[in-house]
Amino acid sequence: MPRMTETQTNIAPPNTTPPVAEEKKSDAGSIRIKNAEKKGSAGFGIAEKLKNLWQSHAKKKDIEVIEEKISPEEEKRRAEKIDDADEFFENFDPARDKKKLTTEMRKRIIEAEKLYQEGIVSAKDLIAPTSVEITNHEMRLNGMYLKSFFIFNYPRYLEGNWMNNLINFDATLDISIFVYPTDSLRMMKILRKKVAEMLSSKHMNEKKGLVSDVALDTALEDAQSLRIDLQRGTEKFFQVGIYFTIYAETKEKLGKSTRQLETLLGGQLVMTRGADYRVERAFETTLPECTDMIEVVRNMNTSPLSTTFPFVSSDLTSNEGILYGINRHNNSLIIFDRFNLENANAVVFAKSGAGKSYAVKLEILRSLMLGTDVVVIDPENEYESLARTVGGSYVRVSLTSGQRINPFDLPLSVNDEESRPGELLRENAITLSGLMSIMLGKLTPEEEALMDKAILQTYEIKGITSETENPSEFEMPVMADLENVLRSMDGGASLAVRLEKFTKGTFSGLFSDQTNVDLGSGLVVFCIRDLEEQLRPISMYILINFIWNRIRSDLKKRLLIIDEAWHMVQHEDSGRFLHNITKRARKYYLGVTTITQDVEDFLDSKWGKPIITNSSLQMLLRQAPVAMERLQKVFNLTDSEKYLLLNSGIGQGLFFAGNQHVAIQVIASYGENRIITTNPEELLAMKKAKK
């Protein structure tokens, strides 16, 4: 752990004031000239602008040359050479004719330079305050009250990120850190002397039979340790000054902020003191001028100095929302409401076993507590325990299950909107055309036209046409009705044969009966684990369409969780359908969470990157090296963030919320962990405990 020794406090601070160059003695006029030359061009850089002023004073006079000692005869010869002052200034060259100026001419040039500079607007004029009031303890600047402080004592041990309380304090602050390197050889001599003094004191106490002085032993140990580190070159020695200025609108707020900050730092044994009676100098010290005006420094070696690194992560915490995890940079809580972003969509990427489902289930559990309804498409039966625990609905979608969803169900009217006759029919006909492309394979343009005609005729057989006012009053057709229509159409026999597998063949019954599933409130989970691999993209397409139609008809705060979404984006129609939902979800108070472990397949899809673009919330947990290069480009990750993801543990990664992102550690309570864990070892232990 970084530390600083007590023995370092008696070392005098280095002389930080630069040596002042000595000036040659001269008369008062020459001193003023030299000072003016230091400040700028001293008139020579603006000869053209001051030409008229100079001409009025360029008369033949005795010349006093400052830079060199010349005889009176040489002065007279030079004066006679300048016959005409106007001609002299017309051809004046500072590099060549500087020495030809008389003392009087130099004085006039300086006065003209001052006059010219007074009419120039500088950066200081632009940023200067309109008013400043200085008292013994604080300042008032442009109506804002401010008070400056310095740190005068530190604890023996400094932990990393101890400045977090200062940097993330809820007030306007200016902080300056001054670091003065000290010669290691000089420090070695001082430490050698200190160690000898402390050893002598220790031996004297032992001879007197006194009890060992713990403070002396500690100081001796620290001094010897530091001396060894300096000798090896693993540590260097510095003197450090830390100053900060607090701003507030009123004097009362300033006093309150001052007390809070002193308490926070005092709890870490970092002692501060107000710069009373040095208010103006302390304020100037915290300005971005790199000037230490009060020079209150303490001794530090490299390790404790590294803990003052000021660029720590800011908090990603709001006053509302749910707890997503712990900020790994500063141990603050990541509390956020995704519905406060421009859209509430999210993507979760992680390799298998990195904790992505664990993190999402934790979000579901905490969202339910705030009254948010959640619908989950579960491909691996991971959400059943959660659904049973919270009293949600669990729908097992399989060939052997008795729960069915009819894809021919017309969408319900959108909440508070009146649909024209035939609008819902056309909308579902388009959806069914996309479903047929997934079920039967890619259709030719002729087959697409034939299928579209067959779908409309299937509805017409049940009495539903584009002129029907209330189609929900009629019985909906099923897949077998579409097969019969195709068989009766010219050119439809081939399509009917391919569709027969879903009506009478191996996959019959799953999507060929009337719907007997309803979306209740709370948590609803659709499990598709027991489906054949070929049926998964079909099932997810139908389920999402069914869920989407119900969501649009009843406006309510909801989350839609799609696990293993790479299955959907592999197919053109289902990928487009998912992309359209992510774009339109915000209008219906819906947040879509897309989860995948096959990052390569997801990003290779035509719809993968657009879905990421339309998701304001992103969570990246531990990644496989083969996928890291792609993710780094898509999310604009730095090399440090890349290595963080590669070396993260379970439940660790990066959390993006809009333009902010932090390193996250997903943490659950004991009770939450028992509900959402998918660790086989923990599940087996809990099963044995029940027995």
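The values are calculated or read from the model by the stated rules, or taken from the named source; none is laboratory data. Fair warning: this is a prediction, and the values are worked out from it, not measured in the lab. Cβ placement follows ideal geometry from the backbone for every residue including glycine, while neighbour counts extend to all protein chains displayed.
So here's what we get for this one:
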read-out	value
Residue under evaluation residue 612, criteria (1) in a helix (DSSP H, G or I); (2) surrounded by fewer than 22 Cβ atoms within 10 Å (Cβ to Cβ); (3) free of Cβ contacts under 8 Å to residues at least 60 places away in the same chain, criterion not met	(3)
Members of the stretch 440-484 found to be among the aromatic types (Phe, Trp, Tyr) and in a helix (DSSP H, G or I), listed by number	459
Selection from the stretch 128-163 of residues that are among the small types (Gly, Ala, Ser) and under 24 Å from residue 240 (Cα atoms)	148, 160
Qualifying position, being more than 22 Å from residue 563 (Cβ to Cβ) and among the hydroxyl-bearing types (Ser, Thr, Tyr), among 678, 638, 593	638
Qualifying residues in the stretch 666-691 (those that are touching a helix residue (DSSP H, G or I) at 6+ places or on another chain (Cβ under 7 Å) and of a type outside the set (S, T, N, Q)) - the one farthest from residue 619 (Cα to Cα)	686
Members of the stretch 503-552 that are in contact with a helix residue (DSSP H, G or I) (Cβ under 9 Å, 6 or more places away or on another chain) and polar (S, T, N, Q)	503, 508, 512, 515, 545, 549
Search result, residues across the stretch 180-201 that are surrounded by 15 or more Cβ atoms within 10 Å (Cβ to Cβ) and of a type in the set (Lys, Arg)	194
Strands (runs of 3 or more DSSP E) completely within the stretch 314-375 that count 1 or more residues being touching a residue at least 40 places away in the same chain (Cβ under 8 Å) and touching a Pro at 6+ places or on another chain (Cβ under 7 Å)	none
Candidates 581, 595 - the one that is farther than 15 Å from residue 352 by Cα and touching a residue at least 12 places away in the same chain (Cβ under 8 Å)	581
Among (1) in contact (Cβ under 8 Å) with a residue 24 or more places away in the chain; (2) surrounded by 13 or more Cβ atoms within 10 Å (Cβ to Cβ); (3) under 16 Å from residue 177 (Cα atoms) - the single one residue 284 does not satisfy	(1)
Single condition residue 355 does not satisfy, out of (1) surrounded by fewer than 20 Cβ atoms within 10 Å (Cβ to Cβ); (2) at pLDDT below 90; (3) not β-branched (Val, Ile, Thr)	(1)
Meets criteria (more than 29 Å from residue 530 (Cβ to Cβ), of a type in the set (A, V, I, L, M) and either outside the structural domain of residue 578 (by TED's automatic domain parsing) or part of a helix (DSSP H, G or I) (or both)) for residue 489	yes
Within the stretch 319-331, tally of residues that are in contact with a strand residue (DSSP E or B) (Cβ under 6 Å, 6 or more places away or on another chain) and either modelled with pLDDT under 80 or surrounded by fewer than 20 Cβ atoms within 10 Å (Cβ to Cβ) (or both)	5
Residue within the stretch 649-658 that is in contact with a strand residue (DSSP E or B) (Cβ under 6 Å, 6 or more places away or on another chain) and over 30 Å from residue 537 (Cβ atoms) present	yes
Residue match in the stretch 465-475 (condition: at pLDDT below 90, among the β-branched types (Val, Ile, Thr) and outside the structural domain of residue 376 (by TED's automatic domain parsing))	yes
Among the residues listed as 663, 627, the single one being closer than 20 Å to residue 328 by Cα and in contact with a helix residue (DSSP H, G or I) (Cβ under 7 Å, 6 or more places away or on another chain)	663
Qualifying positions in the stretch 638-684 - more than 19 Å from residue 353 (Cα to Cα), loosely packed, with under 11 Cβ neighbours inside 10 Å and not polar (S, T, N, Q)	639, 670, 671
Which listed residue is surrounded by 22 or more Cβ atoms within 10 Å (Cβ to Cβ), aliphatic (A, V, I, L, M) and not in a helix (DSSP H, G or I), from 560, 555, 531	560
Odd one out for residue 277, checked against (1) modelled with pLDDT of 90 or more; (2) buried (at least 19 other Cβ atoms within 10 Å of the Cβ)	(2)
Qualifying residue in the stretch 535-550 (condition: closer than 20 Å to residue 423 by Cα and among the charged types (D, E, K, R))	yes
